[in-house]
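Below is one structure; the comments refer to it alone.
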Amino acid sequence: MARIHSLITAHGDFETPLFFPVNDFGDHGHGSGPKYITEIPDLRSMLVNVHLLRQSGMVDQLSLRGLHDFFGVNGVFMVDSGGFQAHTDLPRLKHNEILHFQEAIGADIAIPLDTPVFPVDSIAGQQHMVSMQVTIRNALWALENREREEMLVYAPLHGNSSQVMVNMLDYLQRKGDFDGFAIGGLVPKRSDLFAMVDLIVAVRRRLKEKPLHVLGIGGPALIPLLVYLGVDTFDSSSYIRAGANRVYFLPDHGSVSLLDLDLADRLPCVCPVCSVYAAETIRAERRLIGLHNLWMIAYELRKLKLHIRQHDLETYLDHRFARNPVMQDVFRYAKSKMRGLV
Ligand SMILES: [Zn+2]
């Protein structure tokens, strides 16, 4: 199911699989991570969260200038409602106010306001059902009421079982012609990667050609698995946390802590960061580590696309996960799932 696809937006076409770094809107709106979007040609993409944006106090400026002008790039901006993080002192926005805001700041892809279900919510429980009904209602409302036709609307999918999520997807597909779908609520389920594989495979099969995004999951070990499962786009803020914790993604070999590493003059990488700066300089500057880490994600995506085109993705991933017993098990399960064996 892994595929190379074209994401057609108001600001150009973007080749998928594509990673969306999350902007946390620290440092006057530019985020506490590096300013990658004008540096890395493969990552002219950003996920913006309405909730984080409002907390940053950048609302007026962003509404006035729009995301593309503010960041100075003709990239693709996905704007999530931030339903998952809506515990805040700010007054809650209603679903119509969120849509209006997404349009005002020039979102290329909007995810309507969702009410997540949590792993503790039983699928037979009242809370689970109400959350899903509200999410469905908001998604259909956004699709019918967007004023900018060129803004893509991705319906959020939730549910604590594959069957529930597929039922939600079937209903949404019957009622509206969505531009894509976004699986939410997986962050708390990350500890059960087998269940995550089940959910994604069930949804991908049902979607046929429509774009599929997975919200909040996109570390270096999981990106190859998501791509294998046919996910087109994904987002994560892990590159910021990794930079702050001095975690350095090694080319082809997982990650290491720069605090523990006995440093030579240069780090073992030829990205534009590591080619120019000495190892000690990089270790001291979290933004440089973050920028290098994003270059490594871009590098991984290029390799994945090469192997999709060469039709030898499974062989590549067998090798890629060989040193990681957890991922090796999950990948074995994913392969069986693809072949209909489990
Ligand atoms: Zn590097």
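For the chain, the relative contact order works out to 17 percent when only alpha carbon pairs closer than 8 Å and six or more residues apart are counted.
The residues neighbouring His68, those whose beta-carbon lies less than 12 Å from its own, together hold a net charge of 0 under the Lys/Arg +1, Asp/Glu -1 convention. Surface analysis of the chain yields an accessible area of 44 Å² per residue, using protein heavy atoms and a 1.4 Å probe. Under the criterion of Cα pairs below 8 Å and six or more residues apart, the relative contact order for the stretch 206-342 equals 20 percent.
What is the Cα centroid distance between the stretch 40-54 and the stretch 161-192, reported in whole angstrom? So the two Cα centres are separated by 22 Å.
Net length available on complete extension from Ala298 to Ala264 is 9.8 nm, with 0.36 nm assigned per residue and the Cα-Cα distance removed. Helix content alone sets the calculated 222 nm mean residue ellipticity of the chain: runs of n ≥ 4 DSSP H residues at -39500 (n - 2.57) each, divided across all residues, give -13000 deg cm²/dmol. Nonpolar atom fraction for the chain, defined as the carbon and sulfur part of the 1.4 Å probe accessible area, stands at 52 percent. Rg/Rh for the stretch 149-251 stands at 1.01; both radii use Cα atoms, and Rh follows the Kirkwood definition. Considering only Leu43, Val59, Gly125, the residue lying farthest towards the positive end of the dipole of the stretch 1-139 is Gly125, judged by Cα position with unit charges set on Cβ.
Debye sum, Cα scatterers, the chain, no solvent: what log₁₀ I/I(0) at q = 0.07, 0.08, 0.14 1/Å? The Cα Debye sum returns log10 ratios of -0.28, -0.37, -1.18.
For the stretch 246-309, the alpha carbon convex hull comes to 72 Å³ per residue, rounded to a whole number. Cross-link partners of Lys175 among aspartates and glutamates, defined as those whose alpha carbon lies under 14 angstrom from its own and excluding same-chain residues fewer than eight positions apart: Glu144. Isolated cysteines of the chain, defined as having no other cysteine beta carbon under 4.7 Å away, are Cys271.
Measuring between their Cα centroids, the stretch 89-143 and the stretch 266-306 lie 36 Å from each other. Listed by chain and number, the lysines whose alpha-carbon sits under 29 Å from that of Lys35, ignoring those within fewer than 8 places in the same chain, are Lys303, Lys305. In summary, the aspartates and glutamates within cross-link reach of Lys208, defined as a Cα separation below 16 angstrom excluding same-chain residues under 8 places away, comprise Asp170, Asp177, Asp179, Asp232.
Annotation for the stretch 116-224: GluC sites (Glu not before Pro) lying in DSSP loop with at most 16 further Cβ atoms inside 10 Å of their Cβ are Glu147, Glu149, Glu150, Glu209. Each Lys and Arg Cβ is given +1 and each Asp and Glu Cβ -1; about its Cα centre, the stretch 272-320 then shows a dipole of about 180 debye.
Think of each Lys and Arg Cβ as +1 and each Asp and Glu Cβ as -1; about the Cα centre, that makes the dipole of the stretch 5-236 roughly 580 debye.
The values are calculated or read from the model by the stated rules, or taken from the named source; none is laboratory data. Not measured: the values here are computed from a predicted model. For neighbour counting, all protein chains shown are included, and Cβ atoms are generated from backbone atoms with ideal geometry for every residue, glycine included. Protein only, heavy atoms only, side chains kept; ligands, DNA and RNA dropped before computing areas. Shrake-Rupley method; radii C 1.70, N 1.55, O 1.52, S 1.80 Å.
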